[in-house]
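J.: Right, I'll just put the structure down here and ask away after.
Here, each number is a calculation from the coordinates, and none is a lab measurement. Quick caveat, the model's predicted, so the values are computed rather than measured. Ideal geometry is used to build each Cβ from the backbone, glycine not excepted, and the neighbour counts take in all protein chains shown.
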Amino acid sequence: MRRGLAVGIVFATLLGSAFSAVPITIQGYRIPTPPTIDGIVHEDGEWKGVPSLEGLVDLGTGEKAPDAATFWIAYDKDYIYVAA
């Protein structure tokens with residue numbers, strides 16, 4: 001369990017570093033049941049309460065990218081889940 005959380009935190013830090021001039025960390029959130037992997041992020045369902053990270057940065061200019069994006073990271077006893 002701790003290994004999964006540590007991997008989630010490291011992944012979140014790398015994700016934040018890739019999209020921002022200043023490293024951003026988003027903490028993984030433990031969920032009681034796995035999300036349905038169907039290509040739809042149910043913000044009011046299985047992802048409700050999971051902290052999110054919003055926005056992207058243009059790595060060439062350092063400016064906020066015009067395309068919006070939201071990311072979630074969650075984990076259970078077996079896996080780490082990333083939704084965007």
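J.: In whole Hz, what ³J(HN,Hα) sequence does segment 36-48 give by Karplus (6.51, -1.76, 1.60; θ = phi - 60°), x for Gly and Pro?
T.: 6, 8, 9, x, 10, 8, 8, 5, 9, x, 5, 9, 4
J.: Using modelled backbone amide H atoms (1.01 Å from N, in-plane), which distant-in-sequence or interchain residues come within less than 5 Å of V57's amide H?
T.: Sorted by chain and number, the residues that satisfy this are A65.
J.: Less than 12 Å Cβ to Cβ from L56, Lys/Arg counted +1 and Asp/Glu -1: what total charge do the surrounding residues give?
T.: Spelling it out: positives minus negatives among the neighbours equals -3.
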